[in-house]
Amino acid sequence: MRFSFIKCQGSGNDFPLIDARAIVLSDAQWAMAARALADRAGPVGGDGLLLLVPGRNGAAFGQRMLNPDGSEAETCLNGLRCVARLGFEATGLRAATASLPTSMAEVALADPIAPSVVSVSTFTRAVSTAIGDVGLALPAGEIIDAIVPGLPSARRFTAVAMPNPHLVTFVDAIDEGELVALGDWCEAAPALVPRRCNVSFVTADARGLYVRTYERGVGLTDSCGSAMGASIHAAALTGRIATGSHVLVRNRGGFVRGAARDGGIVITGNATFERDAMIDVDLERGVCTGPIEQVRERRRERDAWTIARG
C-alpha cells in the first residue's frame, strides 16, 4: 500500500504522520504499518507512527499513535502538537477539541516559542495518580515521592497516568545505565506492571526540569511528551515547582514550556514539519518496499528549530 506522510517532530520526538481520516485499515494492518514506517533501520524511521483520524464525541479530529513495536499508546503529547497542526490545516480551525484513544485534549495554535517555529499548545485533564490508573499491581492508593514496593530500585518515585503510565523520580544526576536497566525490567511486563510503563529520571534546578525517559514500546528516547507532562505534574505534587507556574522542560530533543493547572497539564512546544513524502508498505510483512519519493522539503522549518534548540 502506498502512503503519503509528513515527517514531523515535536521537541525532537520524530514521527511519520499520516492523514488517515479516509483510510480504512484494521488495527493489525496499522500495527504493521507502524513497524515498517517507524523502524529506525528502515528508510523512514521514527519514535512511532502518528495518525490524524476522525474525532469522536464531537471532537474536530483525533489522534492515534502506534509505537515502533506496533502497540498503541493512550497518548503522545509531542505527537499531539503535530497531529493538531495537520488537523488545523485540514479544517481551517485555530483551536479545537481533539480526541485521543482514551481521553480528550484541548489544542490551539500558539505564539511561536522561538522565531519562525510553528507552535501548538495542548491541555489535557486526563491526569491521575490513582494506582489503578497507572496500572501498578498494588493496593489502591497513590505513590507520590515514595519507594515502590516490588520495584528493583530504592529511589522514590511518583506514579502518574497521563493517561499512559509513568514512573517519575527526581535525581541529582542521571545515570542512563540505571535508567535503561529499570526500563528493561518494566518493559518485560512483570507482575507489578503488567501493562508496562514509562520510566523517567528528572533533574530540577533554577533553569527548570531536564527529563530522560525510557519509553514503553520504544526504549531510551531523546524525547517523550507525556513524560514531560508527567514530570511537570510530579514536580508540582512534590513542591519542586509551584502549581500554575510555567516551567521550561528540556530533554535531548529540545524543549517545551508547561504548567500544572486546573487539574491538568498545559504544554506549549514546536510542531515542526520537516518534509512530505510517499512510500510503499507491505502490510503483510510489515516492511517498506522501494525508496522514499520526496514530495516537499521544509528546510526553513528544520533550520528554525535547529537554531531554537541551540
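Quick look at the values:
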item	result
Test: Met162 is open to solvent by less than 10 Å² (accessible area, probe 1.4 Å) and at pLDDT below 95	yes
Residues satisfying the stated conditions in segment 63-122, i.e. in a loop (DSSP other than H, G, I, E, B) and open to solvent by 40 Å² or more (accessible area, probe 1.4 Å)	Asp69, Gly92, Leu93, Arg94, Pro101, Thr102, Asp111, Pro112, Ile113, Pro115, Ser116, Val118
Answer residue from segment 165-182, given it is part of a loop (DSSP other than H, G, I, E, B) and either β-branched (Val, Ile, Thr) or without any contact (Cβ under 8 Å) to a residue 12 or more places away in the chain (or both) and is most open to solvent (accessible area, probe 1.4 Å) among those	Ile174
Hey, Ala191 exposed (fewer than 14 other Cβ atoms within 10 Å of the Cβ), out of contact with any strand residue (DSSP E or B) (no Cβ under 7 Å at 6 or more places or on another chain), modelled with pLDDT under 95 and not in a strand (DSSP E or B) or not	no
Filtered residue count, segment 1-25, keeping only those that are open to solvent by less than 50 Å² (accessible area, probe 1.4 Å) and hydroxyl-bearing (Ser, Thr, Tyr)	1
Subset tally (residues that are in contact with a helix residue (DSSP H, G or I) (Cβ under 7 Å, 6 or more places away or on another chain), assigned to a loop (DSSP other than H, G, I, E, B) and more than 17 Å from Arg155 (Cα to Cα)) for segment 196-215	1
All positions within segment 250-289 that are acidic (Asp, Glu) and either part of a strand (DSSP E or B) or at positive phi (or both)	Asp262, Glu274, Asp276, Asp280, Asp282
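The values are calculated or read from the model by the stated rules, or taken from the named source; none is laboratory data. Model, not experiment: these values are computed from the prediction. Cβ coordinates were reconstructed from backbone atoms using ideal geometry, including for glycine residues, and neighbour counts include every protein chain displayed. Surface accessibility is based on the protein's heavy atoms, side chains included, excluding ligands, DNA and RNA. Shrake-Rupley method; radii C 1.70, N 1.55, O 1.52, S 1.80 Å.
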